[in-house]
1. On the basis of being modelled with pLDDT under 90 and either within 10 Å of chain B (Cβ to nearest Cβ) or under 15 Å from B:I124 (Cβ atoms) (or both), does A:F45 make the cut?
2. Could you list, in sequence order, all residues of region B:177-207 that are hydroxyl-bearing (S, T, Y) and within 11 Å of another protein chain (Cβ to nearest Cβ)?
3. For residues that are in a helix (DSSP H, G or I) and more than 7 Å from every other protein chain (Cβ to nearest Cβ), scanning just region B:123-137, find the one that is farthest from B:F148 (Cα to Cα).
4. Provide a single number: the residues in region A:97-127 that are touching a residue at least 40 places away in the same chain (Cβ under 8 Å), surrounded by fewer than 18 Cβ atoms within 10 Å (Cβ to Cβ) and facing chain B (nearest Cβ under 9 Å).
5. Somewhere in region B:138-146, is a residue within 13 Å of chain A (Cβ to nearest Cβ) and out of contact with any Leu (no Cβ under 6 Å at 6 or more places or on another chain)?
6. Any idea which residue in region A:65-86 is surrounded by the most Cβ atoms within 10 Å (Cβ to Cβ), counting only those that are farther than 18 Å from B:M216 by Cα and either within 12 Å of chain B (Cβ to nearest Cβ) or within 8 Å of the chain's Cα centre (by Cα) (or both)?
7. Which residue pairs have Cβ atoms under 7 Å apart, sit 6 or more places apart or on different chains, and have a first residue in region B:37-52 that is assigned by TED's automatic domain parsing to the domain that holds B:L208 and modelled with pLDDT of 85 or more and a second that is surrounded by 16 or more Cβ atoms within 10 Å (Cβ to Cβ) and not in a helix (DSSP H, G or I)?
8. Quickly run through region A:1-25 and pick out the residues that are without any contact (Cβ under 8 Å) to a residue 40 or more places away in the chain and facing another protein chain (nearest Cβ under 7 Å).
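The values are calculated or read from the model by the stated rules, or taken from the named source; none is laboratory data. Fair warning: this is a prediction, and the values are worked out from it, not measured in the lab. Note: ideal-geometry Cβ built from the backbone for every residue, glycine included; neighbour counts use all protein chains shown.
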Amino acid sequence: MIFTLLFQIVMAFFYCVAFSVIFNAPRRELPACGICGSVSWGIYFGINEVFAQSVLATFLATVAVTAVCRHFSYVRQAPSTMYHIAGILPLVPGMNIYNAMSGILDNDLLYCFGQGVMALKLGAAIAIGSILVLSLPHSIFTRFLKNHVSNQ
Amino acid sequence: MDDNMLLNLALDAGEIMLAAGAETHRVEDTMERILSMGGNNLPEAIAFSNVLIVSIHSPFSGPLTMTRKAPARSIDFAKICRVNDLSRRFTAGKIPIEEAYQQLYTIYNEPLFSGFWNIISYSIVAATFTLMLKGSWGESLSALLTGFFLGFFMRFLTKKKVPYFLTSLFGGGFAAFFALLCYTMGLSSQYNLVIVGGIMTLLPGVTLTNAIRDIMESNFLSGTSKILEAVLIATSIAGGVGIILSCYQGILFLLGGM
């Protein structure tokens, strides 16, 4: 179990770094983008394995990764959009969209509808999770960091 | 400070950021900051999904407004970062307006990552996502090959300036075709996960994320148009995959009937 989780986290790191290269991220930001992907996929995978609740897992992973991306954006003085996009990418419900489409082809409309609604639910979970953390005031992230810096 | 030059600088910066895939709020904010360097001139900056409007009320030449239509977008994080950095240095008064103009021009003409790395990344994305969905090594290997050729194909389509709808349609079809090819040659035991890995690079994750951020900052016009774009792209990818898959099933049916 632990080995599987670690393997998944490493894979998510490479996945997000490769995606950032496609989107032409600056070279020195590539590791940070990869870490965002690892955080989101690690949390999603862990919760989904233990509780089998993919919507809850997506929501919690989005909340965590949005907080991490605002933190990175403050520390590294770069737009938070970049880290946010890299972190969200593993959670995009590609599998459900594909399944819904293959349901149409097989004339299995019940399956298609279920998978399509699932994709919408996952998309809504991503949206609500992001909005929740993005609308927190900026001072929360900076205050924590100022204390952190002054302690050193 | 020359008002016309200031307006042009703000528009250029906004255009680069909007085309590189920044969210609307950031574009408006950057343009307004640049305009406010002209002193007490009531700056206003508005950005829609592909329109930029800037206006200042100059004490010397009266009210001035300029409009520009932004070009088609191609996601580019490096440009967003560098324009952000530039506007920060400009508004801090560290560089004069002429130099800011020169640097903006350099950013605009900056080349992308080399084609080699781009194609390698396409294959890595496909292979790792197949593994993340608990695919086997054989499926991952065929996803690697699919992504590799998909990368070539997408670069070709981008160079030919094919419309975005057709790009997704052909891309989805191409990924499905290669996944089925690997399946029939016995490289992978099933084709579903390979296709999903291949189409992950085409899915509109960036558009969706930006749409959410736009709506959250109450830019409803840009947000809803981006969501529509995302739905349209996802539908066309699914359509491309579906056409190839149903052709495959038709061929299987034909061979079974003989």
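1. Values: modelled with pLDDT under 90: no; either within 10 Å of chain B (Cβ to nearest Cβ) or under 15 Å from B:I124 (Cβ atoms) (or both): yes.
No, not satisfied.
2. Kept after step one, since they are hydroxyl-bearing (S, T, Y), are these residues of region B:177-207: B:183-184, B:188-189, B:191, B:201, B:207.
B:Y191, B:T201, B:T207 - these are the residues of region B:177-207 that are hydroxyl-bearing (S, T, Y) and within 11 Å of another protein chain (Cβ to nearest Cβ).
3. So the residue we want is B:W137.
4. Summing the residues that are touching a residue at least 40 places away in the same chain (Cβ under 8 Å), surrounded by fewer than 18 Cβ atoms within 10 Å (Cβ to Cβ) and facing chain B (nearest Cβ under 9 Å) in region A:97-127 gives 0.
5. yes
6. So the residue we want is A:A86.
7. Sorted first by the residue in region B:37-52, then by its partner, the list stays empty.
8. A:Q8, A:M11, A:F14, A:A18, A:V21, A:I22, A:N24
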